[in-house]
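Accompanying notes for the structure given below.
The values are calculated or read from the model by the stated rules, or taken from the named source; none is laboratory data. For clarity, every value in this text was computed on a predicted model and none was experimentally measured. No Cβ is skipped: glycine too gets one built from the backbone with ideal geometry, and neighbour counts run over all protein chains shown.
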Amino acid sequence: MTVRALNDPTPQDEAFQTQLEFPDNRLLIDLFGEFNRNLVQVEEALSVQVVHQGNRLTVFGECADVGRAVEVLEALHRRLEAGREITPGDIDAEIRMDEEAAVGPSSDQMELFPRGKIEIKTRKKLVEPRTRAQKAYVRSLFSNELVFGIGPAGTGKTYLAVAVGVNMFVNGHVDRIILSRPAVEAG
């Protein structure tokens, strides 16, 4: 089942609006979140107003913002249809990743990802990059034999590298994983 846009954004007093109709009301409970917190997060991040009635959403705001909000809401709905949960971090990630990162040269392993959607499956959980930079990093990890990840602490470099390694091990692309720690001199 797909989400259906009832109309294109239309001008109304210098604001635009569009309506979405969702086929399954049961998923809307999770899409909206407790006390509509997910809708509020989208509203605040994209400067739009979202009004819901039944299985219809009306999104008001500037044309570009309305378009982005619709894309985010549709992506979150697809996530729910796939049986996955939505967290505030997932909403932020969808908002940040409205444009695809530039795709580098393809490799055999990158073809494992349908429609460019990068999901790293491990035995216990599904790991997804949350920013365009992380997405490009994961693409690089799958495309190259050696990758240097440089950046500030806490940006997911090691986490994503280990997740890709586990994915490759589980899928039989590598025979073993060797983990090493950097040699740091004690000052």
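For region 125-160, give me each residue that is among the aromatic types (Phe, Trp, Tyr) and not in a helix (DSSP H, G or I). Let's see the steps before the verdict.
As a first pass, look at region 125-160 and keep what is among the aromatic types (Phe, Trp, Tyr): 137, 142, 148, 159.
Scanning region 125-160 gives a single hit, Phe148.
Could you count how many residues in region 36-65 are touching a Gly at 6+ places or on another chain (Cβ under 8 Å) and closer than 16 Å to Phe22 by Cα?
So the answer is 1.
Would you check which residues across region 29-65 are assigned to a helix (DSSP H, G or I) and buried (at least 16 other Cβ atoms within 10 Å of the Cβ) and list them?
Taking region 29-65 and keeping what is assigned to a helix (DSSP H, G or I), we get 29-32, 34-46, 63-65.
Listed by number, the residues that qualify are Asp30, Leu31, Phe32, Asn38, Leu39, Gln41, Val42, Glu43, Ala45, Leu46, Asp65.
Name the single residue, out of those in region 9-26 being part of a strand (DSSP E or B) and modelled with pLDDT of 85 or more, that is farthest from Val66 (Cα to Cα).
As a first pass, look at region 9-26 and keep what is part of a strand (DSSP E or B): 10-12, 15-21.
Now drop any that are not modelled with pLDDT of 85 or more, which leaves 16-21.
Working: Phe16: 7, Gln17: 7, Thr18: 7, Gln19: 10, Leu20: 11, Glu21: 15 Å.
In this case the residue turns out to be Glu21.
What residue, of Glu74, Glu94, is part of a helix (DSSP H, G or I), on the phi < 0 side of the Ramachandran plot and in contact (Cβ under 8 Å) with a residue 60 or more places away in the chain?
Working: Glu94 fails: in contact (Cβ under 8 Å) with a residue 60 or more places away in the chain.
The match here is Glu74.
Which residues, taken from region 66-78, are more than 11 Å from Phe22 (Cβ to Cβ), buried (at least 19 other Cβ atoms within 10 Å of the Cβ) and of a type outside the set (Gly, Ala, Ser)?
Val66, Arg68, Val70, Val72
Is at least one residue of region 161-168 at pLDDT 85 or above, among the aliphatic types (A, V, I, L, M) and outside any helix (DSSP H, G or I)?
Within region 161-168 (the criterion being at pLDDT 85 or above, among the aliphatic types (A, V, I, L, M) and outside any helix (DSSP H, G or I)), the answer is no, since none of the residues qualifies.
Does Thr58 satisfy being modelled with pLDDT of 90 or more and either more than 14 Å from Ile95 (Cα to Cα) or of a type in the set (S, T, N, Q) (or both)?
Considered against the rule, which asks whether it is modelled with pLDDT of 90 or more and either more than 14 Å from Ile95 (Cα to Cα) or of a type in the set (S, T, N, Q) (or both), Thr58 comes out as yes.
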